[in-house]
1. Is it the case, given these coordinates, that residue 238 is assigned to a loop (DSSP other than H, G, I, E, B), modelled with pLDDT under 95 and in contact with a Pro (Cβ under 9 Å, 6 or more places away or on another chain)?
2. Looking at the stretch 147-178, which of the residues that are surrounded by fewer than 18 Cβ atoms within 10 Å (Cβ to Cβ) and out of contact with any strand residue (DSSP E or B) (no Cβ under 6 Å at 6 or more places or on another chain) is nearest to residue 262 (Cα to Cα)?
3. Suppose we filter 259, 241 for residues that are over 15 Å from the mean Cα position of the chain (by Cα) and crowded, with 24+ Cβ neighbours inside 10 Å; which single one remains?
4. Can you list the strands (runs of 3 or more DSSP E) lying wholly within the stretch 145-184 that have 2 or more residues being within 14 Å of residue 317 (Cβ to Cβ) and hydrophobic (A, V, I, L, M, F, W, C)?
5. Filtering the stretch 310-339 down to residues that are in contact with a helix residue (DSSP H, G or I) (Cβ under 9 Å, 6 or more places away or on another chain) and polar (S, T, N, Q), which residue is surrounded by the most Cβ atoms within 10 Å (Cβ to Cβ)?
6. Look at residue 368 and say whether it is more than 19 Å from the chain's Cα centre (by Cα), surrounded by 21 or more Cβ atoms within 10 Å (Cβ to Cβ) and part of a loop (DSSP other than H, G, I, E, B).
7. Search the stretch 93-107 for residues being free of Cβ contacts under 8 Å to residues at least 60 places away in the same chain and assigned to a strand (DSSP E or B), and hand back the single one that is nearest to the chain's Cα centre (by Cα).
8. Filter the stretch 15-31 down to residues that are among the aliphatic types (A, V, I, L, M) and touching a strand residue (DSSP E or B) at 6+ places or on another chain (Cβ under 8 Å) and give me whichever is farthest from residue 366 (Cα to Cα).
Amino acid sequence: MAVHRTYEEINDKIKSGKVVVVTAEEMVAMGMRDGAAAAAKKVDVVTTATFGPMCSSGAFLNFGHTEPPIRMTRVWLNDVPAYAGIAAVDCYIGATEESETQGQRYGGAHVLQDLVEGRTIRLRATSPGTDCYPRRSHETEVTLAGLRDATLFNPRNCYQNYGAAANTTDSVLYTYMGTLLPRLGNVSYSTSGQLSPMLKDPTYRTIGIGTRVYLGGGEGYVAWEGTQHNPEQERSAGGVPVGGAGTLALIGDLKTMKPGYLRAATFHRYGVTLYVAIGVAIPVLDEDVAAAAARPETELYTAILDYGVPSRNRPALRRVSYAELRSGSVDIDGTEVRTSPVSSYRMARRIAAELKDMIAAGGFSLTRPVRPLRGAATGTGDVPGLAAAAAPGGAI
């Protein structure tokens, strides 16, 4: 008998403590042992996760009104400029913004990490002054607990897939994929392979606008398609993209997030970025969803792109599976090249396990998307608008 489940049925099982939930790694093992159809009959939810550098991240902060009031037009947090063209005492602090005094050693990502870890941040603001907002400057210390509002809003996270990086030139390259050694000295990659959320739901059957996610150790939601969302990518079997394809814009309450789940990093001679913990629960609605969630990393591919070519359409040196990338080396034209991730598979595994435990304990229910992502499958096997295209090489 074919499997057909609804969100309501799965959430009822979560409430009653009868839900069967496994991580994506466990689902792969079940699929290889028993087949995806058999796994679909047993499993209600599959948890996925990623933890990697996500430059397109930041937070809206509201500081509350001063006395007398001020309309902040320029804002610094620990000497990191924040965008203040929003309202009187609101700003947006971007993860990659750098300190005016420390440069790449400290940036917006560090401000966010410091806030989540309970540290005190120095706020400095200036204003030209108006009749209704007469104050012209304000300096104080703030903490996350003391902020009126703090909303993490990341315009582009959770790339569905991402090209690996190599360098064929004679010079070292310093990139958002890490340091790339000359003459194919190494290959760097970022996606979490068989744990990666959007590789486990390649045609967006369950991930859409309104999907609840585990974000930064707290609760978040898919607010919209992420910037650079481009489902019209070349795809392999099962609709799995070889290029970047989908992205997600994510939103959540920064005050609910936990230390260690938002981490600042500086890539040498490139700049500041933010590592973001993201977990997504995939409801096993039918056998097709189960088959996608059970697909092993031997069947999940990306392209190794030559970052030595200064073009947004970098040439692909070869196509490679995530099993090969995670083995520690790959063959490129007869040369064994060592591989290393800039994302953390260990943390992704931890996040997927934590989300699994939350669901099993009844602490995390699933939400039906209020609107599918652009390019989503209809549920009949169709994937509208998915034409072949070159693998991208855009910034994370």
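The values are calculated or read from the model by the stated rules, or taken from the named source; none is laboratory data. Nothing here was measured: the structure is a model prediction, and the numbers come from that model. All Cβ positions, even for glycine, are placed from backbone atoms using ideal geometry, and neighbour counts span all protein chains on display.
1. Numbers: assigned to a loop (DSSP other than H, G, I, E, B): no; modelled with pLDDT under 95: yes; in contact with a Pro (Cβ under 9 Å, 6 or more places away or on another chain): yes.
No, not satisfied.
2. Ranking the candidates gives 174 first.
3. Values: 259 fails: crowded, with 24+ Cβ neighbours inside 10 Å.
Being over 15 Å from the mean Cα position of the chain (by Cα) and crowded, with 24+ Cβ neighbours inside 10 Å holds for just one of 259, 241, which is 241.
4. Answer list for the stretch 145-184: 164-166.
5. In the first step, residues of the stretch 310-339 are kept if they are in contact with a helix residue (DSSP H, G or I) (Cβ under 9 Å, 6 or more places away or on another chain); the result is 321-326, 330-331, 339.
Now narrow it down to the ones that are polar (S, T, N, Q): 321, 339.
On the way: 321: 17, 339: 20.
Looking at residues that are in contact with a helix residue (DSSP H, G or I) (Cβ under 9 Å, 6 or more places away or on another chain) and polar (S, T, N, Q), I get 339.
6. The answer is no for residue 368.
7. 94
8. Only one residue fits best here, namely 30.
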